[in-house]
Amino acid sequence: MEIKEALGQIIKNMTATADNLGFAVVVPAGTEKGEVPVSVANGKYTAAFTGEKGSFKIEVVDGKVYLKCAASEYKDAVEEDYAQASTSLFENEELSDRDLRSMANEFNETIEKTYSKNAQKKQQSRMPNPVSKTAAKNGNAYFDSNTLGNRIAHMYPEVKDAYKANVERYGEFLPEDFFINHGNKFIEDTIRQNDPTKMRKLFNCLNEIYNDGTNEVQSVIVVTILGSMAQEEQLLANCVDYMEDMTLSVVEVSKQLRRSKSLRAKLENPPKYKPKKQKRQRMMPGQLGQ
């Protein structure tokens with residue numbers, strides 16, 4: 001059985017479930033009428049579905065089939081957004097219709113668990129809560145990086161899915177990944193346009209979080225976000241009239257980044273994420289032998 005033909009049967013057996021969840025098959029450009037909607041590139045065969053809840057794709061490569069899910073729609077998603085949800089051997093010469101139906105049923109169960117209303121509610125409940133303005137102003141809490149990411153995601157709706165995918169992927173908000181790969185582009189566009197209304201809105205947010213924020217989020221604003229524009233002096237010049245207490249820090253960091261290629265390389269390629277180690281429970285003397 002040809003790989004495309006086999007994938008076509010899987011797609012057929014997943015269409016009803018996908019439709020119930022609000023997904024539609026993605027038809028690759030150049031697909032003729034009646035042809036299986038599968039794209040082929042570098043030996044990889046891909047069938048995809050997309051909808052408001054995100055996207056998922058079935059990939060066949062090197063004798064294996066993968067189901068990958070993302071919180072972003074297919075047109076907006078990048079490879080890093082997809083989490084591998086299932087993998088199986090895919091020896092298409094030996095697969096029967098029954099094997100393909102079984103595989104499709106397994107995929108259907110996975111996407112139902114991932115994208116059903118109950119699953120979506122659980123995902124939303126796992127999202128970390130941003131620190132409120134009242135709590136920060138009263139000194140009961142400090143703004144953190146997640147609060148900054150949340151605010152930027154609301155300011156630029158185009159990155160909302162990327163913000164959610166970041167938390168879902170790492171189990172916490174990873175600011176370097178979010179801003180370097182997603183948020184900085186929109187912030188830089190605002191600064192490049194230099195529209196006074198948009199600039200005030202952006203810097204009201206950045207200044208507020210910087211002034212009542214943790215050291216970490218201050219570093220994210222000064223280094224990860226504004227430091228990324230160190231090579232373009234005009235962009236930083238556009239910011240001068242809007243920055244408050246962070247001005248000297250931004251200027252100093254920008255000077256260092258312009259002078260040092262190694263620092264710029266570290267900024268553009270931050271260390272890979274390492275999950276936090278689980279604390280080992282210490283045994284109390286009275287617990288020994290119990």
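The values are calculated or read from the model by the stated rules, or taken from the named source; none is laboratory data. These figures come from a predicted structure and were not determined experimentally. Virtual Cβ from ideal backbone geometry, glycine too; neighbours counted across all protein chains shown. These area figures cover heavy atoms from the full protein model, side chains too; ligands, DNA and RNA do not enter into them. Shrake-Rupley method; radii C 1.70, N 1.55, O 1.52, S 1.80 Å.
Structure data summary
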| item | result |
| --- | --- |
| Nearest-10 value in Å² for the accessible area of Leu148, using the 1.4 Å probe | 0 Å² |
| Largest to smallest accessible area among Ser72, Ser219 [probe 1.4 Å] | Ser219, Ser72 |
| Accessible area in the full protein assembly, largest first, 1.4 Å probe, for Thr87, Thr197 | Thr197, Thr87 |
| Accessible area of the chain divided out per residue, in Å², using a probe of 1.4 angstrom | 60 Å² |
| Portion, in percent, of the accessible area of the chain that falls on carbon or sulfur, probe 1.4 Å | 47 percent |
| Matching label, percent of Cα pairs over 31 Å apart computed from the structure shown, candidates [x] 45; [y] 30; [z] 37 | [x] |
| Total formal charge among the other residues, if their Cβ is under 10 angstrom from that of Ser86, Lys/Arg +1 and Asp/Glu -1 | -1 |
| FRET efficiency, 1/(1 + (r/R0)^6) with R0 30 Å, evaluated for Glu112 and Val27 via beta carbons | 0.80 |
| Area of Ser96 that stays accessible when all protein chains are in place (1.4 Å probe, Å², to 10) | 50 Å² |
| Rounded tilt (10° steps) of 3-20 against the dominant C-alpha axis of the chain | 70 degrees |
| Val25 - accessible surface, heavy atoms, 1.4 Å probe, Å² rounded to 10 | 60 Å² |
| Where Glu106, Glu172 fall by accessible area, highest first, once all protein chains stay in place (1.4 Å) | Glu106, Glu172 |
| The stretch 41-92 - Debye-derived log10 I(q)/I(0), Cα point model, q = 0.14, 0.16, 0.19, 0.24 Å⁻¹ | -0.34, -0.44, -0.60, -0.88 |
| Within a Gaussian network of the chain (alpha carbon springs, distance under 10 Å), most fluctuating of Pro128, Pro196, Pro175 | Pro196 |
| Cα gyration tensor shape for the stretch 13-71, rounded if a/c is under 1.5, else prolate or oblate | oblate |
